[in-house]
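Undergrad: I'd like to ask you about the structure that follows.
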Protein chains: 2
Amino acid sequence: MARNYYSTHELDRCDPRRGDARWVAAWLADPATRVAVVWRDKVLAAASDEPAAHLVGPAALAGRVDPGALTLLGTCAGVAYFGLDASELADPLAELGLGPAARLEDLRKLGPVAPPFEASLLAYARAMAYWHRRHRFCGLCGSPTSSARAGHVRVCSSDSCGVEHFPRTDPAVIVLVTHGDACLLARQARWPPGRYSVLAGFVEPGEELEAAVAREVFEEAGVVVEDVRYHSSQPWPFPASLMVGFTARALERTLDTSGDELDDARWMTRDEVRAAVDAGELLLSPVDSISRRLVDEWLEG
Amino acid sequence: MARNYYSTHELDRCDPRRGDARWVAAWLADPATRVAVVWRDKVLAAASDEPAAHLVGPAALAGRVDPGALTLLGTCAGVAYFGLDASELADPLAELGLGPAARLEDLRKLGPVAPPFEASLLAYARAMAYWHRRHRFCGLCGSPTSSARAGHVRVCSSDSCGVEHFPRTDPAVIVLVTHGDACLLARQARWPPGRYSVLAGFVEPGEELEAAVAREVFEEAGVVVEDVRYHSSQPWPFPASLMVGFTARALERTLDTSGDELDDARWMTRDEVRAAVDAGELLLSPVDSISRRLVDEWLEG
C-alpha cells in the first residue's frame, strides 16, 4: 500500500515482458484490457457524479488509433492496463467515439477524489504520454524516433545513430523546514491568493538529494538547514517529476526572499497556521501533494 | 560535508546568477578560474604521481574553444569552476595545448583516489557534458538546440518551437536486502569475474522510490521485500544517474534469477562475505559506490 497519491504497489509493470510483441498483442485482443487516455494536459474521466477514470476497452479503439501509440502500463488481478496519448486529435471525445459517458479533466482535480489505483494509472499514463510527446526526435542526431518495447523505449530511426531513448523522470526535492515550534511556508506569485506551501526544487546533475535540499532552501529563502531527513517519495507527473520529500531544521529563523522565486515566505507556528486556515486566509496545498502531507503531519505534532 | 563520493556541499552552484552573461564573462576573464575538461567517457587528470584532476586556467583555452561550450559549475572560496566538453576534438591533449602535465583518465579510476572536491567537480562536469552531447537537437521538433544560461539550458532554435530543455538526471534505486544474518549479493554477466554487488535499477515514470525498490528486487532475484528504508543518495554520472540508496528486509530467503538481468545471486552471511573477500573469490564494488558503503556498513553492523 503506497502512502502518497499517484503511487501504487498493486500494478505489475511487467518490465521483462514488454519486448514480447505477441504477449502484448494478446493483451490488446483481450476485451478485459483497459486503456487510460491522455489528451494534452488532461486525462479521460467518467462523466458520472462519482469521480473516476473513464478506462476504455480495446475494441472501442480498434481502427481509431495506431496500436503503436499505446504504452503498456502493466497488469493487476488479471487485467492489463495501457496508456494512450491522444494529444494529436483535435476532438478526442468525438474522434474516439467516446460518447457522453466520458469527459476530459485535469488530473490535479480528479486525482484527490478518484479511486487511488485509478489515479495512479492516470498519473503513469500522463507521464508516459508527456515523455513520448517530448521525444519524437533524437537529441543526438535530430532524426525521428519511434516507440518500441510496448511504449517504454523510443528508437532513433537513423541507421548511423539508432540510439535508444528511455523515459525521463526529473527528481525534485520538497522539504518541510522547521525551527522550534514554527515551520517555513512560502508562495510563488503565480499561485492562487493565500496559497502557501513548503519549498521545492529540481535536483541538478552532480548533486545528492540532501545538497539539493540545502541549496534550494538557501537560494529561495536565505535559510541554512541541518539535519536533512528523508520522509517519502511520490511520482508527480505535472509534467514529469519524482518528488522526494524531506524534513530539515533551520539553524536560525532568518528569511531572505529577495531572489526571483518566491513572492513571500513566513515562519508560522502550528497555532498560527490553524488560525489562518480557519479564517480562510491561508490555503494549504491540495491533499494529493507531499507538501500537504508534510504540513499535516507537522500540524498533528 | 557529503557522505558519498562525487557529491559536495562546498560548491555554490550560483543558479540565480547563471543568466547574467556579464557576471559569467567576468569569471571567464579571471585567471584564478579553473576548468574541468571532459572528453567523451574520460576526464582530464594530472599526469603526476599524486592522483588529481588537471584543472585548466581560462587563458590556456582562449582561442581554442568556444566560450559557449563551457558550463558554469559554480564557485567555491572565491574561485569559479567551469566544465568543458571537448568530445568533438580528435586529440584533446594536443588541440588544447595541454602538454605533458595532463592525461585522460576514467573517472571511476580517478574518483576513489582524487581529492573529494575535485572528484565532485569532475563528476558534475562529466554529467553536464553527457547531457549537452545527448541534447543537440530538440526532442519535440528535431531542430538544433544551443546552450544558454551558462550551459544549464539548451534552447530550440526553431522560431515555431523554441522550447527550453533542462539537464536530465535519471533517478535509480540501489538496495541492500537482508534476511536474518545474510544479505543478497548479485552479479551481472558483463562484470569482472567474482564481482558481486547489491541490486539496483532505474525508477520509472509513475513510480515512487519504494515501489521501484520492491519491483527491482522481485524482478531480478524473485525476492519479496518489506521495511524499505532510505539510506543516502549520490550523484552517479556514469552516465547520468542519481543513485538513491535503501535497505530492505526480505520476507524469505528465496532466489529466482531466471530473468535476463542477473548472472548469479547469493545469500551470504557476514562471515561468508569476509572469508570470500579474503580468499580473493569475492570482489566487492569499488569504494566510490553506495553499493560498497551499504555492504561495508552491514559488515560492520
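The values are calculated or read from the model by the stated rules, or taken from the named source; none is laboratory data. What you see is a predicted model; the values in this text were computed from it and never measured. All Cβ positions, even for glycine, are placed from backbone atoms using ideal geometry, and neighbour counts span all protein chains on display. Surface areas here come from the heavy atoms of the whole protein model, side chains and all, with no ligands, DNA or RNA. Shrake-Rupley method; radii C 1.70, N 1.55, O 1.52, S 1.80 Å.
Undergrad: Just to be sure, is residue B:102 over 23 Å from the mean Cα position of the chain (by Cα), among the small types (Gly, Ala, Ser) and more than 14 Å from every other protein chain (Cβ to nearest Cβ)?
TA: Working: over 23 Å from the mean Cα position of the chain (by Cα): no; among the small types (Gly, Ala, Ser): yes; more than 14 Å from every other protein chain (Cβ to nearest Cβ): yes.
No: the conditions fail for residue B:102.
Undergrad: Moving to a separate point now. Has region A:5-14 got at least one residue that is touching a residue at least 60 places away in the same chain (Cβ under 8 Å) and farther than 20 Å from residue A:237 by Cβ?
TA: no
Undergrad: Would you check if there is a residue in region A:254-271 being surrounded by 15 or more Cβ atoms within 10 Å (Cβ to Cβ), away from chain B (no Cβ under 12 Å) and either touching a Ser or Thr at 6+ places or on another chain (Cβ under 6 Å) or part of a helix (DSSP H, G or I) (or both)?
TA: yes
Undergrad: Looking at region B:202-213, which of the residues that are facing another protein chain (nearest Cβ under 7 Å) and either touching a Gly at 6+ places or on another chain (Cβ under 9 Å) or assigned to a loop (DSSP other than H, G, I, E, B) (or both) is surrounded by the most Cβ atoms within 10 Å (Cβ to Cβ)?
TA: Across region B:202-213, the extreme among qualifying residues is B:207.
Undergrad: crowded, with 21+ Cβ neighbours inside 10 Å and either on the phi < 0 side of the Ramachandran plot or assigned to a loop (DSSP other than H, G, I, E, B) (or both), is that true of residue B:84? Spell out the reasoning first.
TA: Details: crowded, with 21+ Cβ neighbours inside 10 Å: yes; either on the phi < 0 side of the Ramachandran plot or assigned to a loop (DSSP other than H, G, I, E, B) (or both): yes.
It is true that residue B:84 is crowded, with 21+ Cβ neighbours inside 10 Å and either on the phi < 0 side of the Ramachandran plot or assigned to a loop (DSSP other than H, G, I, E, B) (or both).
Undergrad: Something else about it: Out of all the residues in region B:216-236, which are of a type outside the set (Ser, Thr, Tyr) and surrounded by fewer than 22 Cβ atoms within 10 Å (Cβ to Cβ)?
TA: B:218, B:219, B:222, B:224, B:226, B:227, B:228, B:229, B:231
Undergrad: Those residues that are among the aromatic types (Phe, Trp, Tyr) and touching a residue at least 12 places away in the same chain (Cβ under 8 Å), I need them from region A:208-256; list them, please.
TA: Selection gives A:230, A:236, A:238, A:246.
Undergrad: Look through region B:279-299, keep the residues that are assigned to a loop (DSSP other than H, G, I, E, B) and either at pLDDT below 95 or among the small types (Gly, Ala, Ser) (or both), and return whichever of them is farthest from residue B:120 (Cα to Cα).
TA: Among them, the one singled out is B:279.
Undergrad: Also: Exactly one condition in (1) without any contact (Cβ under 8 Å) to a residue 40 or more places away in the chain; (2) within 14 Å of chain A (Cβ to nearest Cβ); (3) part of a helix (DSSP H, G or I); (4) not hydroxyl-bearing (Ser, Thr, Tyr) is not met by residue B:276; state its number.
TA: Of the numbered conditions (1) without any contact (Cβ under 8 Å) to a residue 40 or more places away in the chain; (2) within 14 Å of chain A (Cβ to nearest Cβ); (3) part of a helix (DSSP H, G or I); (4) not hydroxyl-bearing (Ser, Thr, Tyr), the odd one out for residue B:276 is (2).
Undergrad: Determine, yes or no, whether residue A:228 is of a type in the set (Val, Ile, Thr), outside any helix (DSSP H, G or I) and within 14 Å of another protein chain (Cβ to nearest Cβ).
TA: Here the answer is yes, as residue A:228 does meet what is asked.
Undergrad: Is it true that residue A:209 is under 16 Å from residue A:296 (Cα atoms) and within 20 Å of the chain's Cα centre (by Cα)? First the steps, then the outcome.
TA: On the way: under 16 Å from residue A:296 (Cα atoms): no; within 20 Å of the chain's Cα centre (by Cα): yes.
When the stated conditions are applied, residue A:209 does not pass them.
Undergrad: Another question about this same structure. Which of the helices (runs of 4 or more DSSP H) found entirely inside region A:90-201 contain at least 3 residues meeting this: open to solvent by less than 40 Å² (accessible area, probe 1.4 Å), touching a Leu at 6+ places or on another chain (Cβ under 9 Å) and modelled with pLDDT of 95 or more?
TA: Output list reads A:116-134.
Undergrad: Related question: Among the listed residues A:295, A:277, A:287, identify the single one that is among the β-branched types (Val, Ile, Thr) and crowded, with 20+ Cβ neighbours inside 10 Å.
TA: Values: A:277 fails: crowded, with 20+ Cβ neighbours inside 10 Å; A:287 fails: crowded, with 20+ Cβ neighbours inside 10 Å.
From the options A:295, A:277, A:287, the qualifying one is A:295.
Undergrad: Across region B:214-225, what is the total count of residues that are within 7 Å of chain A (Cβ to nearest Cβ) and in contact with a strand residue (DSSP E or B) (Cβ under 6 Å, 6 or more places away or on another chain)?
TA: 1
Undergrad: Only one of (1) within 26 Å of residue B:152 (Cα to Cα); (2) hydrophobic (A, V, I, L, M, F, W, C); (3) in contact (Cβ under 8 Å) with a residue 24 or more places away in the chain; (4) at the interface with chain B (Cβ under 7 Å from one of its Cβ atoms) is not met by residue A:123, so which one is it?
TA: (1)
Undergrad: Still on this model: Do any residues in region B:37-50 that are at positive phi have Cβ atoms under 6 Å from those of residues that are open to solvent by 100 Å² or more (accessible area, probe 1.4 Å), where the two are at least six apart or on different chains, and which pairs are they?
TA: Sorted first by the residue in region B:37-50, then by its partner, the list stays empty.
Undergrad: Then there's this: At pLDDT 95 or above, surrounded by 16 or more Cβ atoms within 10 Å (Cβ to Cβ) and small (Gly, Ala, Ser), is that true of residue A:78? Outline the logic, then answer.
TA: Numbers: at pLDDT 95 or above: yes; surrounded by 16 or more Cβ atoms within 10 Å (Cβ to Cβ): no; small (Gly, Ala, Ser): yes.
Criteria not met by residue A:78.
Undergrad: OK, next. Being touching a helix residue (DSSP H, G or I) at 6+ places or on another chain (Cβ under 9 Å), closer than 14 Å to residue A:135 by Cβ and more than 7 Å from every other protein chain (Cβ to nearest Cβ) is the requirement here; does residue B:152 meet it?
TA: The answer is no for residue B:152.
Undergrad: Identify all residues within region A:239-253 that are under 24 Å from the mean Cα position of the chain (by Cα) and either of a type in the set (Phe, Trp, Tyr) or part of a strand (DSSP E or B) (or both); write none if there are none.
TA: A:241, A:242, A:243, A:244, A:245, A:246, A:247, A:248
Undergrad: Identify, please: which residue in region B:1-35 is surrounded by 20 or more Cβ atoms within 10 Å (Cβ to Cβ) and in contact with a Lys or Arg (Cβ under 8 Å, 6 or more places away or on another chain) and is, among those, farthest from the other protein chains (Cβ to nearest Cβ)?
TA: B:24
Undergrad: Pairs under 8 Å by beta carbon, first residue among the β-branched types (Val, Ile, Thr) in region A:78-98, partner crowded, with 16+ Cβ neighbours inside 10 Å, six or more apart or different chains?
TA: Between residues of region A:78-98 that are among the β-branched types (Val, Ile, Thr) and residues that are crowded, with 16+ Cβ neighbours inside 10 Å, the close pairs are A:79/A:33; A:79/A:34.
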